[in-house]
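Structure first, commentary second.
Just so you know, all these numbers are worked out from the coordinates, no wet-lab data involved. Fair warning: this is a prediction, and the values are worked out from it, not measured in the lab. Methodologically, a virtual Cβ is constructed for each residue, glycine included, from the backbone with ideal geometry; neighbour enumeration extends over all protein chains shown.
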Amino acid sequence: MLRINFFLLAESLPAVFPKELPVVFHGSMSLSPTVKSSRPSKVILRVVIVLIVLGAAGWGGRSAWKQVSPTLFGNKRQDKIPTVKTRTATISEEIIAVGRLRAVFSTELRSEINGRIVKISAADGDKVVRNQEILRLDQQDILTQLQEMERTIEAAKLKSERALKDHKRLVDLQKRGVVTIKDFEDSRITYSLAQNDAAIAEARAANLRDKLTKTVIRAPHDGTLLLKDLTEGQVITSAAAQNGGTLLGDVADLSNLMVRTNINEIDVARLKMGDQARVRVDSMRTVLMSGTIKRIATSALESTYDRTRVFPVDVVIDDADDRLRPGMSATVMFTLARVEDTLAVNLSAVFSTAEGMRYVFVKKPGVEAFEVHTVETGIADTRYVQILSGLDKDVEVARTRPLEFDGELPVMTLPTLVKPKSKRDSADPLAAPPPPRDNRRGGKPRAS
């Protein structure tokens, strides 16, 4: 805060104004009513005070602003560019995907008829064998229909027997010529219709007996029962319903588990049947299991997240842990390439042009300056990228773009890489060398 000593200001007034101005002080500067001064003198005094205040405020603001922004007033900010040295490392290029555990051999349980659950004979997690009863539906309605149909069958058989006797009697009368042809044909048709009614009734009764057997849900094969949250008295719908019916549970063989994951159409071409993979379950982060690709879908699906085309891939776990359960979230890592003790540099230290050329900024010895070097890169992971040529070990490179290279890439005059001559090179010695090879997918590593 700027403070002005009015006593010192008042003592300096005679030097500014030749005419004497009688001044009386009472704690702070004030002019006595007895003092008569001209109007121009008061205006000049006020102007001087305002100029002094503005000058002091401007000088203080300038000093504070110089501390806040060193780039002003001729002092340019000097940033230290972080650097890193090239080194040898082990690099693995991987595809990371997520999925869920499921049994290799599993069957869904759905009812073939609508009904109400009257009895649940097994519990979730039980070991079941083939044809073991799991639950039972209400049979009363079907039993009633079946009894009615049995009575219908008996009536149809009686009608058929009576029609047969009438037809035999008319056959004898026809031989004697006392029956017309019309009456004879009517008796034959009546007998045939009675036989047909009896057959229809028997077919309906067989259908009801089949529905009666379907009221009992049994295990389709040996395995572990994965029963849904069902209660006695609950009404379920059949599998023929529009929504697929009520899912009762699954019978799964938990001795063989797999992870089903979706791989995008770019990466799936790099996988093949029998490739090894590593599996880690989210609930057991310290356990890393091995797996084998057993199935790669031949047709693509549309992802529900970003509507891209993906291919389901099944990875069977080689040695399944007893703690694993179907439905657990799992992460699958497919290793595409791996190199050990190779020359590498941090991923952030490698830059690229629009044409795909890779380059780094090499620090000049002894000074805070850098120069551009083109490099040929190989595979990459989430930390390092392989350097095939263009750099040596323990070379210090910038991890970020230096300020002097901000913007377009400068013209690089670097020695070309020495490669063995081929027949084509000998035929055309002035041909330009091919651009550096890029083995990465789009030049971007995959996140772990």
TODO: Consider all pairwise Cα distances in region 250-330 and report the whole-number % of them above 22 Å.
DONE: 30 percent
- [ ] DSSP loop (so not H, G, I, E, B), at most 14 other Cβ within 10 Å: list which GluC sites (Glu not before Pro) in region 134-242 pass both filters.
- [x] Glu232
Open item on the list: Can you give me the long-range amide H partners of Gly249? Hydrogens built in the peptide plane at 1.01 Å from N, cutoff under 5 Å, separation of 5 or more residues or another chain.
Closed with: Leu109, Lys228
- [ ] Quick one: work out Rg over Rh on the C-alpha atoms of region 109-236, Rh as Kirkwood radius.
- [x] 1.33
Task: Unsatisfied cross-links (Cα-Cα over 21 Å) in the set Lys157/Lys211; Lys119/Lys228; Lys272/Lys294; Lys157/Lys214; Lys159/Lys211; Lys80/Lys364 - done: Lys157/Lys211; Lys157/Lys214; Lys159/Lys211
- [ ] Could you work out how far the C-alpha centroid of region 181-223 sits from that of region 116-154, in angstrom?
- [x] 21 Å
